[in-house]
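Have a look at the structure below, then the notes.
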Protein chains: 2
Amino acid sequence: MRLIVSLLLLLVAVTAGADEGMFPVSELGRLDLAGAGLEIPATAIFDPDGNALVDGICKLGGCTGSFVSAQGLILTNHHCAFRAIRDASDRDHDYLTDGFAAAGMADEVPAVGYTVRITDSYRDVSDEVLDALTPQMAPADRTRAVEKAAKSISLRYEQEHPGKRAEVAEMFPGKTWVLYVYTYLRDVRLVYSPPLAVANFGGEADNWIWPRHSGDFSFMRAYTGPDGEPADYSEQNVPYHPAVVLEVAAQGVADGDPVFVVGYPGRTYRHRSSYHLAFLNDTYMPAVVDWYGWQIDLLEGLGADDRDRQLRLASRIKSLHNTHKNYRGKLQGISRLSLVEQRRGEEDLLREFTAADDRFTGQSDVLDSIGRIYTEQAAATPWEYWLRSLRSSPRIVRVAMTLWENAIESGKPDVERESPYMERNRRQTLDGLVVTVENFDPEADELILAELLERSAGIERARQLPALEGLDHGGLAAAFAGTHLLDKDYVVAAFDLSSEDLAAAGDPFLDLAAALYGPWLDLRETRKSRKGELDVLQADLLDLRRTFLGSEFVPDANGTLRLSFGRVEGYAPRDAVWYTPVTTVAGLLEKDSGVDPYHLPSRTRELAGAGDWGRFAPDSESGVPVNILYSTDTTGGNSGSPVLDARGRVVGLNFDRSWEATINDFAWNHDYSRSIGVDIRYVLWVTWKFGAGERLLAEMGVDPVAGD
Amino acid sequence: MRLIVSLLLLLVAVTAGADEGMFPVSELGRLDLAGAGLEIPATAIFDPDGNALVDGICKLGGCTGSFVSAQGLILTNHHCAFRAIRDASDRDHDYLTDGFAAAGMADEVPAVGYTVRITDSYRDVSDEVLDALTPQMAPADRTRAVEKAAKSISLRYEQEHPGKRAEVAEMFPGKTWVLYVYTYLRDVRLVYSPPLAVANFGGEADNWIWPRHSGDFSFMRAYTGPDGEPADYSEQNVPYHPAVVLEVAAQGVADGDPVFVVGYPGRTYRHRSSYHLAFLNDTYMPAVVDWYGWQIDLLEGLGADDRDRQLRLASRIKSLHNTHKNYRGKLQGISRLSLVEQRRGEEDLLREFTAADDRFTGQSDVLDSIGRIYTEQAAATPWEYWLRSLRSSPRIVRVAMTLWENAIESGKPDVERESPYMERNRRQTLDGLVVTVENFDPEADELILAELLERSAGIERARQLPALEGLDHGGLAAAFAGTHLLDKDYVVAAFDLSSEDLAAAGDPFLDLAAALYGPWLDLRETRKSRKGELDVLQADLLDLRRTFLGSEFVPDANGTLRLSFGRVEGYAPRDAVWYTPVTTVAGLLEKDSGVDPYHLPSRTRELAGAGDWGRFAPDSESGVPVNILYSTDTTGGNSGSPVLDARGRVVGLNFDRSWEATINDFAWNHDYSRSIGVDIRYVLWVTWKFGAGERLLAEMGVDPVAGD
C-alpha cells in the first residue's frame, strides 16, 4: 500500500505490555512489535513503498476480510455473508440451514449488493480541510464547511483518477482528516458457508459471551473483468488476484501466544468527556435498549410460526439483538466500573490543572461548555430519538423519506448534497432501497408505526405534528392499502422523480414523508450545529488533556485500517472464576442440548465419536479447538478481521468480544477486554468435513492430514 | 472415643490420589494419610484407647458441630441454628435480620428442641442381628426381624447403661450393623449468629453454587448440670467441658493445601444398581421436583407481603428449595454423565462374568430381581408418593396421622413399636409435633390439601378412598373450622389418648387420619417387604461385584461418623471455565447489588473501604477470604463439619457442595466433586466485627490482630 504523506498522528510510545490501542498501520514503525512478541518487522505488515500484509486485507460491507488464496478467495464471518447466503436460498435450497458449498468456481453464487474494498493509498489532508474554516463560522456552518471540503477533495481525486474511490476520514474530531483511496470490486460470490447450527451455535444466548463455540466463518471470492479491472458480475469475469495472500497456519495457536489483528474497527469514544458518557449511560442507551427490545419482541413474535417470514426478518432481528445486548453490556460495565464517576474525577484534576496555569486562561470552561451541549441533547432526546425512530424503524417510512430527501437533494449541486445523494453514492443508496423493499413486512411496519404514534402522546413536539393526525389504526390500514411503495419497480422509478412529481403521486407515505421533512431538516440542522460546536470543544479538550497528562493518544477508531496486538489469554470475569482462552469440540458437544440455539448437526457428534480430526486436534480427547480468546483491542467493524500469529499467519477469524469487553468502546482494560475469534483449525476442519472436502483447503495450501 | 470391637468393614486400600470415600473413623489406620498430605497420625484423629480429634466433634440436630473452646462453645452452620435464632426473636428483636451476639454467657438464649450428641463408643453387632433371621422368612418379616433385633440390642444396652443412648446403624444393607453409644446434652444455647444478609448472602440463587460468598456459621454452647451430667435447661447449669477441643487456625489455608472433613454424612447410594438409579431419575426425583416446586410457589406467594408469615414459613421453604435444587442438579448430572447407561454397562459386564463362572450358578438373576422390584415401585409411585405427600405436606394431616399412629403403636410392647413411638423416642416425637403446631399455616394447609385432592383424580387408588368424599373446597373449610388440632395444648394432651378416645373426639382431621390409616399401613407393609427383598439382593449384588472387581468398598454414608480427605482445589465446571477455590470480600462486594439475595449490610463495605481486616486478609486488596472449595467427599449431614488442615486445626466450616457435586450421592468424581466451606478467617472476622467483638475470639485463643 502506498502512503503518500506520513500521517501527522499523535501517538503514545508503546511498550510491550500496553496492548491498548487500535494503531493506524502507518505508525507501526513507532511500536515495539518485537517486545510484543512479533517475529516480523513492521514493514512486513505495512510497507509505504510496496506490498505487505495489510494489502491482503479488504473491507467487505461493514466487515473485514482476508485474501487467503491467489484466486481471490476471501475468509470472513458467516454473519458478514449472511444476506448473500439467504439470498442464494430458495424454496428448494435452504443454504442457511444446510450450509453452502460450491462444487467448483462455476457454481459460486453472486452475492448481490456486496463489494470488496481494497485500500490503495492515503494521505493527510487536515490542512486543506482546515483552510475551509474561519473562526467566525457558526457551528452548523462549520460542520457544513468541513463536509464540503471533504467531498471536494474526494471528488477532485476521483476525477483525476477514474475508477478509484476516495473518502476523507476524520481522525481526531475537528483536528485531523485523512484521504483514503480505494478500489471497489463489484463482483463478489459466495463460495462456502457452514450450516447455521455450526456458524451460529449458541445464537443470541451466546452472543457477546465467552466461553463460545461458534463457527462464524464463510468463504467468498472476488472477481474482476478479464482485464483485471473492477467489473459488474459477468460469466466472463475472472478471479481477482490480490497483491498479497495471507498464509493460513493450520497448526493454530496456544494459550500465551502473541497475536495481532488487522481490520477496520468502526467507532470508539475513549477521548470523550464524562458528559458524553453520562448522556449515553443515562439517556441515549436506555432509550435504544427500550425501543430495540420492543421491536425484538414484536418481530420474533411475527416470525414464530412462519419460517419464510422468520428468514426475511432474521437479519433485522439479529442486528437489533446485537446492539441491544451490546448496550446492556455497556450499561452494566459503566455501572460496575463507575466509569462516569472515574472520568469526572479525571476531569476535576484537569480543571484544577488548567485553573492554576496561565497558558489556559479562557479555556477553563471547555468542559462546562461540553456539559451544556449534552444537557441540551439529553433534554431533546425523547423528541429526537422518537423522530429518528419514526424515520428508520418502520421500513415504509424509511423508503418514503429517502425518496423524498433524494428528490430534494438531487436539485442541488453535487458537492452540496448530503453524502448518500451525491452522484457517486446514488446507486448504492438505491441498492439499499431495493433490498429494503424486497424485505418489506407491512404488518410489522404497521404495528411499529402504531406503537410510535402511541408513544408520541408523551412527547410534546411529536403530539403537535399535523402529519400524524388521522394516522390512528384505521388510518394506517388505509395508508398501507393505498401506497405504491410496496412495489419495487415503483420505488426504483420514483428514485428519479422530482419532489413535485412525488407530491403529485398522492401516495399516503410520500405525503407523510413530505410532512415530516421540515421537522427532519430542523433536526439535521440541530445535529450539524451540535457537531460543529463539539468538534471545536473536543479538539480543545484533547489539547488540554495532552498537556496535562504529558502523553499522546491513539486516535479513536473511525472505520480506517488499524492494527492491535495482544496475546491468546484468559481473564477473570468475576471472583473465583477464570476463563481459559481456547474452547474445543468437547465443550461444543457438552453444550449441545438438541434444542435451539444449542442444536448441533448430528455429523459433528459422529465425527467426534470417530475421532476424525485430521491434523487439527492437538488433543484427540478434547478435539479440534473451536474458538479463541485474546487481548487485542477491537470493536464493531473488526468482524472478519484475521487473527495473525507472531509470523503474520492466519490463526483465527475475529467475530466478537466478551461481555465485559462491550465497554471497550469507552475504556479498554487488560483485565477484561478480550476479543473472540474462530480458531483457524475449526475453520479448516469444518470446511473439510461439512461439504467442501479438500478442494478449498488445497487452494489455501493446507493438507488436512499431514502435519508440518 | 472407645472402640469396643474393631468393625469388620470392607475397605479398599487407599492411595494418596484417590480421595473418594467417607471412611469410618475406625478404619483410618488402613489409609495412607501421610500420602494425602496429613501431618498427624491416624491415632491423633481417632484413638480407640483414648481421646482424639473426633471426640471434639458432635452431632447437633441433623448437622455436625465442633467444640472450639473448653467451655463447650460449638461452631456450626447458621442454617443449622436457624430455628433457634428465629425462636429467640420477637417483635422487638429480629435476630435473623440483625444477627445475635450474647453480651456474656448469662445472655445466651436457650435453643429449645436442640440437642448435642456425643459419640461414646461403638461395636459391630452384625452377628447378633443376623442371628434373628432365617432364610425362609418372608421379606416383610425379615425387615421386621432386623428392626426388632436392632431395637432389642439398643434397649438392652440402655438398660445396662442408664443415661446413655444406643442406636444400631446399618452399614452395608442386609449385611453389617453397628451399635453406636451416645451421650445427649439437652441444654444448648445460642451464642452468636451473623446477620442473615451475611449468613445467607446469595440465598436460594447461590445455594449449591460456586463461586459462593456465604457466612453460613453460628456459635452455640452446650451446658450440663452442675454435676457435669446431661440436664434439661436450668440457670444453675454450667458449660459442658468437652473431652477434646479443636484448635482454630486463624492463618487459614491456601489453594493446594491438604484438608480433611469429619462429620456425620447422611445417605449415599453408590453401591446401588442401575435400576435404583433409573427409578430415581425417571420416576421418583421428577415427582419430588414437581411437588416441591408447586409448594415453593404457593408458600413464597403466601409470605410475599407478610414478614411474620414469611418468617414462620422460612425454614419450610428453605428446606423445600434445598431438596428441589439438589434434585434438579442430580437429574442434570445423571443425564450429563449418562450415569444410568454407564452403570448398565458395568452390570452387563457383571452379568457376563457371573454367567461364565460356576460359582455363581443360580445367582445370575440378582440384577433381574432388583430390576423387577423397581419396576413395580415405579408403577406404584403415583399412588405411594401421593399418599406420602398427603400424610406429610399438609401439616395438619401430619399432626393428625402422628397422633393416630401414636395411639395405635402405644398399645404394643415397646420393642415392637415403630421407632418414633418407642418410650425412648416419644418425647422427641412430641417435641416435633409441638414445633409443627406452633408454625401452622392453616391457609397453606388448606390449599395444599385442595391441590392433593385435585391430583387424586389421576390416581385410581386415591380416587377410591372413601375418606376423601365430601372433602371438596367447602368441606375443607368446614374441617378447618371444626378441628381442635390448631391448639397446641389440645395436641399435647391428645398425645396420651387411645385410638378410641381420639375416635370419640369427632375431630374432622383425626377422623381423616383414622380413615387413611388402613391404606397407610398397607403402604408401610409394602415398603418393609420391598426393603426385606432388596436387602438380601443388595447384599448378594455387593458380593458379586466384590468378586468381579477384586476390590473392596467403603460403605455408603449412613449418618455415622466418617472422615474424608482431599485438597483445597478448583475445578472446571465446563469447557474453558476454571473455578479457583477461594472467594474473597472483594468478590462479595462485586456481587452486592443492594437487592435480595445480594444485599450486604453497609458495614461490610465500610470495613472493606477502611481495609479493616485485622490479621485475616492475606491480600489487603481482595480482603478476607470468604468461602473455600475442596475435593473431599461429603453429603447432607456434613453441614457444620469442621474443615481441618494437615495438622488437624479448624480452617473452615463445611456447608454445601458445588452444583456438579449434587451427583456425589450416586458417583463421586475428582473432576467435579467439590464441597464448599466458610473460610475460618471469615468466621473470625465477621464474629469480631459484626457484634461479638474480641470476646469469643479470645475464648478460642485467637488474637485478631497479631499474627503467629
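The values are calculated or read from the model by the stated rules, or taken from the named source; none is laboratory data. As the structure is a prediction and not an experimental result, all values here were calculated from the model. Please note: Cβ atoms are built from the backbone with ideal geometry, for glycine as well, and neighbour counts cover all protein chains shown.
Computed quantities for the displayed model
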{"item": "Some residue of region A:606-621 being under 27 Å from A:Gly329 (Cβ atoms) and hydroxyl-bearing (Ser, Thr, Tyr)", "result": "no"}
{"item": "Hits in region B:650-708 (condition: acidic (Asp, Glu), part of a helix (DSSP H, G or I) and within 16 Å of B:Thr268 (Cα to Cα))", "result": "B:Glu660, B:Asp665"}
{"item": "The listed residue being buried (at least 24 other Cβ atoms within 10 Å of the Cβ) and out of contact with any Cys (no Cβ under 9 Å at 6 or more places or on another chain), out of B:Val191, B:Val181", "result": "B:Val191"}
{"item": "The listed residue being within 14 Å of chain A (Cβ to nearest Cβ), surrounded by 20 or more Cβ atoms within 10 Å (Cβ to Cβ), under 22 Å from the mean Cα position of the chain (by Cα) and not acidic (Asp, Glu), out of B:Gly333, B:Gly263", "result": "B:Gly333"}
{"item": "Residue match in region A:611-619 (condition: at positive phi and in contact with a strand residue (DSSP E or B) (Cβ under 9 Å, 6 or more places away or on another chain))", "result": "no"}
{"item": "Lone qualifier among A:Ile45, A:Ile74 - being out of contact with any Cys (no Cβ under 6 Å at 6 or more places or on another chain), modelled with pLDDT of 90 or more and under 19 Å from A:Gly566 (Cα atoms)", "result": "A:Ile45"}
{"item": "Leading residue by the ranking (nearest to A:Leu485 (Cα to Cα)) among those in region A:435-460 that are more than 28 Å from the chain's Cα centre (by Cα) and surrounded by fewer than 16 Cβ atoms within 10 Å (Cβ to Cβ)", "result": "A:Glu443"}
{"item": "Any hit, region B:340-348, residues being part of a helix (DSSP H, G or I), of a type in the set (Gly, Ala, Ser), surrounded by fewer than 20 Cβ atoms within 10 Å (Cβ to Cβ) and modelled with pLDDT of 90 or more", "result": "yes"}
{"item": "Answer residue from region A:128-176, given it is among the polar types (S, T, N, Q) and in contact with a Ser or Thr (Cβ under 9 Å, 6 or more places away or on another chain) and is nearest to A:Ala231 (Cα to Cα) among those", "result": "A:Thr176"}
{"item": "Answer from B:Asp290, B:Asp297, B:Asp308, B:Asp282 - the residue that is at pLDDT below 95 and in a helix (DSSP H, G or I)", "result": "B:Asp308"}
{"item": "Strands (runs of 3 or more DSSP E) within region A:503-622 that include 3 or more residues under 28 Å from the mean Cα position of the chain (by Cα), farther than 30 Å from A:Glu384 by Cβ and more than 14 Å from chain B (Cβ to nearest Cβ)", "result": "A:562-567"}
{"item": "Sole residue being closer than 30 Å to A:Tyr182 by Cα and touching a helix residue (DSSP H, G or I) at 6+ places or on another chain (Cβ under 7 Å), chosen from A:Val245, A:Val289", "result": "A:Val245"}
{"item": "Selection within region B:120-142 - among the β-branched types (Val, Ile, Thr) and either modelled with pLDDT under 90 or surrounded by fewer than 17 Cβ atoms within 10 Å (Cβ to Cβ) (or both)", "result": "B:Thr134"}
{"item": "Region B:115-140: number of residues that are more than 18 Å from B:Trp177 (Cβ to Cβ) and within 23 Å of the chain's Cα centre (by Cα)", "result": "4"}
{"item": "Set A:Arg674, A:Arg605: member being buried (at least 20 other Cβ atoms within 10 Å of the Cβ) and basic (Lys, Arg)", "result": "A:Arg674"}
{"item": "Residue count, region B:584-599 (criterion: free of Cβ contacts under 8 Å to residues at least 12 places away in the same chain and either crowded, with 16+ Cβ neighbours inside 10 Å or among the acidic types (Asp, Glu) (or both))", "result": "1"}
{"item": "Flag for A:Ala467 being aliphatic (A, V, I, L, M), over 27 Å from the mean Cα position of the chain (by Cα), farther than 17 Å from A:Pro519 by Cα and surrounded by fewer than 18 Cβ atoms within 10 Å (Cβ to Cβ)", "result": "no"}
{"item": "Enumeration of residues in region B:382-398 that are touching a residue at least 12 places away in the same chain (Cβ under 8 Å) and either of a type in the set (A, V, I, L, M, F, W, C) or surrounded by fewer than 17 Cβ atoms within 10 Å (Cβ to Cβ) (or both)", "result": "B:Trp383, B:Trp386, B:Leu387, B:Arg388, B:Leu390, B:Ile396, B:Val397"}
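Yes or no, residue by residue, for (1) more than 19 Å from B:Thr323 (Cα to Cα); (2) within 14 Å of chain A (Cβ to nearest Cβ):
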| residue | (1), (2) |
| --- | --- |
| B:Leu196 | yes, no |
| B:Asn200 | no, no |
| B:Trp210 | no, yes |
| B:Phe217 | yes, no |
| B:Asp227 | yes, no |
| B:Asp232 | yes, no |
| B:Val238 | yes, no |
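Residues checked against (1) surrounded by fewer than 18 Cβ atoms within 10 Å (Cβ to Cβ); (2) free of Cβ contacts under 8 Å to residues at least 12 places away in the same chain; (3) more than 21 Å from the chain's Cα centre (by Cα):
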| site | (1), (2), (3) |
| --- | --- |
| A:Arg272 | no, no, no |
| A:Tyr275 | no, no, yes |
| A:Phe279 | no, no, yes |
| A:Asp297 | yes, yes, yes |
| A:Gly303 | no, no, yes |
| A:Leu313 | no, no, no |
| A:His321 | no, no, no |
| A:Leu337 | yes, no, yes |
